[in-house]
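Encoded as structure tokens, the structure appears first; notes follow it.
The values are calculated or read from the model by the stated rules, or taken from the named source; none is laboratory data. Here the structure is a predicted model, which means the values were calculated and not measured. Glycine also receives a Cβ, built like all others from the backbone with ideal geometry; neighbour counts cover every protein chain displayed. Heads up: the accessible areas ignore ligands, DNA and RNA and are worked out on the full protein's heavy atoms, side chains in. Shrake-Rupley method; radii C 1.70, N 1.55, O 1.52, S 1.80 Å.
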Amino acid sequence: MLKQVTPILLIAAVTACSTPTDRRAANGNDDFVNAKETPLLTIPEGLKEPTYSREYDIPKLTEDTNKDLVGKRLDIRPPLLVLPMSEGTRVEEGSDNIKIIVESIPSTTDLKQEVFDNLKGFLAKYDVPVQKEDYEEGIIETGWIENRDVIESSWFGSDKVYVLRQRYRYDVDISAHGRSGSMSIDLVEHEESYDGEEQEVFLSGEDQRRYTIDMLNNTIAYMSVTRDKQIKADRIEQSLGIDVDLVAETENAGAYWIAEADFTKTWDRLRIVMPELGFDIVDMNTAEGLYYVVLEESGGFWSSLWGEDKIPLERGNYRVELEAAEDKQQTKIFIKDAVGDPLDNEVITELYRVLSDAMKENRKVR
């Protein structure tokens, strides 16, 4: 059947291009593999041997050298590098396979789930089928990924197409503490064909490494975009103010404040607000929700905030304690003296006015 082609494509349509197999090998023939070593000059007795340049000496083969990689089997393409471009990722040096270390970002609640979601999102974006998925074992195995390259196009009949088909396996391993882990990739199956005929390709370790690095870099690039979006959303969320209410004294407890935000957001906001109110943070314990603070000034600074009112808070050491409420989107805030005894309810009530204004103020997104 006659194909319709535009005049601009006429020359290109009848010109044969090189196949992927041709591109990985040196041009010309491989007669050099049969080259014989030329012996050094024979120097007659009594004459001085000349100095030979070592610039073009061929290094000796080691035990690890693959002696099959000669002639057309030798890949001349430059090596690829792993690009850990995503936030919280880096390459693990010295690993046997291609491995990326992944660390959690502030908004990550389940690192393993986040990595799995990114892998599945990447594969879905490019219509890559998933042949096997085992969340507990940390395994995702793809179906066949097919790349078609038109090598020769003819006006009549069908094009000659070079087809590359591959399957990959991802392994995700998250540490016990859940804040970091690793993601590795291996080439499981590889097939190449040209014009319907299977090509006999010798796939060396470097070939496999090239393919896996390319696939891994594309995966990390996708993860980078999703993480950047999440980080930006987190900054916007953190910039929004937090409403704080005063809870009056009850039979079981004295007065305290309750923030309309989860523990992490409340903790982060207090870390910004307290120095602005004159409290120096000297130590903290996130696990116990505890800030150790010092109030250095009880005069001029506080007087400017409170006007002519007498300040019911003296200079000294204090503890600010956070406790998650029954509603996880609320956090209780207690302020106590240096030994952990609650302050008077009147002091808690007076401090509430300044604290609530500072906590609910929207901040600029950095």
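Inside region 104-123, residues that are in contact (Cβ under 8 Å) with a residue 24 or more places away in the chain, surrounded by 14 or more Cβ atoms within 10 Å (Cβ to Cβ) and either hydroxyl-bearing (Ser, Thr, Tyr) or under 30 Å from Trp267 (Cα atoms) (or both) make up a count of 8. In this structure, Val347 qualifies as modelled with pLDDT under 90, among the β-branched types (Val, Ile, Thr) and on the phi < 0 side of the Ramachandran plot.
Remark: pairs (first residue in region 330-348, closer than 17 Å to Leu270 by Cβ and open to solvent by 20 Å² or more (accessible area, probe 1.4 Å); second residue acidic (Asp, Glu) and part of a strand (DSSP E or B); Cβ separation under 9 Å; 6+ apart in sequence or on different chains) = Lys332/Glu321; Lys332/Glu323; Phe334/Glu321; Phe334/Glu323; Lys336/Glu321; Leu343/Asp337. Would it be correct to say that Ser193 is over 30 Å from Lys232 (Cβ atoms) and of a type in the set (Ser, Thr, Tyr)? Against the criterion (over 30 Å from Lys232 (Cβ atoms) and of a type in the set (Ser, Thr, Tyr)), Ser193 qualifies.
Are any of the residues in region 174-185 closer than 17 Å to Asp214 by Cα, more than 19 Å from the chain's Cα centre (by Cα) and surrounded by 15 or more Cβ atoms within 10 Å (Cβ to Cβ)? Checked against the condition, which is being closer than 17 Å to Asp214 by Cα, more than 19 Å from the chain's Cα centre (by Cα) and surrounded by 15 or more Cβ atoms within 10 Å (Cβ to Cβ), region 174-185 yields no hits at all.
Of the residues in region 283-310, how many are modelled with pLDDT of 75 or more and among the charged types (D, E, K, R)?
So the first thing to find is which residues in region 283-310 are modelled with pLDDT of 75 or more, and the list is 283-296.
Next cut, among the charged types (D, E, K, R) only: 283, 288, 296.
Residues in region 283-310 being modelled with pLDDT of 75 or more and among the charged types (D, E, K, R): 3 in total.
For region 207-229, which residues satisfy the criterion of being surrounded by 15 or more Cβ atoms within 10 Å (Cβ to Cβ), closer than 26 Å to Val70 by Cα and touching a residue at least 24 places away in the same chain (Cβ under 8 Å)? Residues satisfying the conditions are Asp207, Arg209, Arg210, Tyr211, Thr212, Ile213.
Considering (1) out of contact with any Gly (no Cβ under 9 Å at 6 or more places or on another chain); (2) closer than 27 Å to Lys229 by Cα, the lone condition that Ile101 does not fulfil carries the number (1). Take the residues of region 184-205 that are of a type in the set (A, V, I, L, M, F, W, C) and out of contact with any helix residue (DSSP H, G or I) (no Cβ under 6 Å at 6 or more places or on another chain): which is nearest to Glu146 (Cα to Cα)? Top of the filtered list is Val188. Whenever a residue of region 41-60 is part of a loop (DSSP other than H, G, I, E, B), its partners that are open to solvent by 100 Å² or more (accessible area, probe 1.4 Å) and of a type outside the set (Val, Ile, Thr), lying with C-beta atoms within less than 6 angstrom and at least six residues away or across chains, give the pairs Ile43/Glu49.
For region 124-206, which fully contained strands (runs of 3 or more DSSP E) count at least 1 residues that are touching a residue at least 40 places away in the same chain (Cβ under 8 Å)? Output list reads 139-142, 145-152, 160-174, 180-194.
Among the residues that make up region 84-92, is at least one of them among the aliphatic types (A, V, I, L, M) and more than 22 Å from the chain's Cα centre (by Cα)?
No, region 84-92 has no match at all.
Residue selection: Tyr256 fails the criterion of being under 17 Å from Gly340 (Cβ atoms), open to solvent by 70 Å² or more (accessible area, probe 1.4 Å) and either in contact with a strand residue (DSSP E or B) (Cβ under 8 Å, 6 or more places away or on another chain) or at pLDDT below 75 (or both).
Scanning region 195-206 for residues being open to solvent by less than 50 Å² (accessible area, probe 1.4 Å) and of a type outside the set (A, V, I, L, M) gives a total of 1. So how many residues does region 81-98 have that are at pLDDT below 85 and assigned to a loop (DSSP other than H, G, I, E, B)? The number of residues fulfilling the criteria is 11.
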